[in-house]
Amino acid sequence: MLAIHLTQFGEPEKSLKVVDVPEPPAPTAGQALIQVEYAPLDHHDLLLAQGVYPVRPGLPTAIGNEGVGTVVSVGPDVTRVRPGDRVLLPFGVFSWSEQVVAKAADLTVLDKSISLDQAAMLTINPVTAGLLVGLRDLPAGSWVVQNAANSGVGRSVIVFAKERGLRTINFVRRPELVNELEDLGADVVIVDSADAGTRVREAIGADPVLLGLDGVSGTATALLLDVLTDGALLVIYGYLSGQPFTPGPDTMKTKNITTTEFWMYQDGFLPRLPALHAESARLVTEGKLVLPTAPVYKAADFPEALAYFRENGKVLLDFNPRRA
C-alpha cells in the first residue's frame, strides 16, 4: 500500500518520499483498522519533517498530524466503533498512509453529513481554538483579542468564543475580510494599521481585554500588547511571521502582562481532546463552523501537492485508492 514517509529530518522536498509499504496487521483486542480517506498537508507537518516540531518519531515513518478515515475492521471485544464508521484519526496515529491501526477507544465517530474535506481538518485548528479560549476563566461578555483572525485557528476562535459567551477583537490584513469574519460571528474586526489600537478602543470603550492570542509573533505582537489591559495573559501559539516574540520589557511590566507559549499536545490538554473533537464536529454539523476549503491531491502526487502548498497553503491528500 502507499504511504508518504519521512526518511530524514531536513528539507521536506528531499526527505518526504512516496513509498510502497506492507499493509498493517489485522487489529487485535481494542484496536480498529482504518482506511484513511483525506489527510491535510499543513505547516506543522513540515515543521515535523524539518525536525523542529516537539514530536520527533523514529525514522523512516509516515507522518501527518490529522485526518479522517473509515473503519475497515475491528479487533475482539471492540464495541465503540464498527466497520463503516467514519472516524477522526487520533493524536499519535500518523495519517499519511492508506491504512492505519488505532486504539478504538481513541476514535471519534462522525456524522456522515460532515463532508470528508471538513472532517479531515477537525482535530487541530478547531481543537486548538477550543483550548486557547479556555486558558483563562473569563466571565461572559469578556473580550479576547487575536491576530491571524482569518487563519484556520482564528476562524475557529471566533466560533468557540461565541459558544462560551465571549466576544472577539480580530486583526486582519485585508479589508475584504471584515464582512466575512463578521458573518462568522466576530464582534470587532480591524484591519491592521498604525491606528488599529485606537480604533479598538473606539469600538469597545474602556472594557478590559484579558486574553490575547498571538499566531504571528514578531512585530505583530506589539498591537496585541497595545490592546491588552492590566493583568492580561498573552498566549503565543504560532510564528507565521517567522520571527521570535520580542516584547519591550517596559510594556510587560507596566501592564503586568503574563506570556505563555502553547502546544496543544501537552499532557494536561490530552484528556480534553476527545470532547473537543466531538464539539468541533457538532459545530460543523450545525453550520456554525465552516473550515477553509483546500484543493485535493492524490497521495501519489505528493510532490505536486507540496509545490502547491509552498505557493498557496493547505492542501488535502487523498489516500483512498478506490476513489477516482
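Scanning the range 112-141 for residues that are open to solvent by 20 Å² or more (accessible area, probe 1.4 Å) and either free of Cβ contacts under 8 Å to residues at least 60 places away in the same chain or in contact with a strand residue (DSSP E or B) (Cβ under 8 Å, 6 or more places away or on another chain) (or both) returns Lys112, Ser115, Leu116, Asp117, Gly134, Leu135, Arg136, Asp137, Leu138, Pro139, Ala140, Gly141.
Do the conditions hold for Thr254, that is, is it open to solvent by 50 Å² or more (accessible area, probe 1.4 Å) and in a loop (DSSP other than H, G, I, E, B)?
no
Scanning the range 265-288 for residues that are part of a loop (DSSP other than H, G, I, E, B), under 15 Å from the mean Cα position of the chain (by Cα) and at pLDDT below 95 yields a count of 2.
What residue, among those in the range 149-187 that are hydrophobic (A, V, I, L, M, F, W, C) and over 16 Å from Gly215 (Cβ atoms), is least open to solvent (accessible area, probe 1.4 Å)? First the steps, then the outcome.
Narrowing the range 149-187 to residues hydrophobic (A, V, I, L, M, F, W, C): 149, 153, 157-161, 166, 169, 171-172, 177-178, 181, 184, 186.
Subsequent filtering for residues that are over 16 Å from Gly215 (Cβ atoms) retains 166, 178, 184.
Numbers: Leu166: 12, Val178: 29, Leu184: 37 Å².
Taking the candidates together, the pick is Leu166.
Residue pairs whose Cβ atoms lie under 7 Å apart, sitting 6 or more positions apart in sequence or on different chains, and linking a residue in the range 26-51 that is on the phi > 0 side of the Ramachandran plot to a partner that is surrounded by 20 or more Cβ atoms within 10 Å (Cβ to Cβ), are Gly30/Val78; Gly30/Ala104. In the range 28-46, of all residues being open to solvent by 50 Å² or more (accessible area, probe 1.4 Å) and not in a strand (DSSP E or B), the one that is farthest from Leu110 (Cα to Cα) corresponds to His43. In the range 217-233, of all residues being assigned to a helix (DSSP H, G or I) and either of a type in the set (A, V, I, L, M) or out of contact with any Pro (no Cβ under 9 Å at 6 or more places or on another chain) (or both), the one that is modelled with the lowest pLDDT corresponds to Thr219.
Considering the range 145-216, the qualifying helices (runs of 4 or more DSSP H), each wholly inside and each with 1 or more residues that are under 20 Å from Gly313 (Cα atoms), run over 152-163, 177-184. For the range 1-20, residues that are open to solvent by less than 30 Å² (accessible area, probe 1.4 Å) and part of a loop (DSSP other than H, G, I, E, B) total 1. Leu184 fulfils the conditions (1) in contact (Cβ under 8 Å) with a residue 40 or more places away in the chain; (2) closer than 20 Å to Ala220 by Cβ except for a single criterion, (2). The number of residues in the range 289-324 being on the phi < 0 side of the Ramachandran plot and in a loop (DSSP other than H, G, I, E, B) comes to 14. On inspection, Val172 does not qualify as on the phi < 0 side of the Ramachandran plot, hydrophobic (A, V, I, L, M, F, W, C) and in contact with a His (Cβ under 9 Å, 6 or more places away or on another chain).
The values are calculated or read from the model by the stated rules, or taken from the named source; none is laboratory data. Since the model is a prediction, treat every value here as computed from it, not as a measurement. Positions of Cβ are backbone-derived with ideal geometry, glycine not excepted, and every protein chain shown enters the neighbour counts. Protein only, heavy atoms only, side chains kept; ligands, DNA and RNA dropped before computing areas. Shrake-Rupley method; radii C 1.70, N 1.55, O 1.52, S 1.80 Å.
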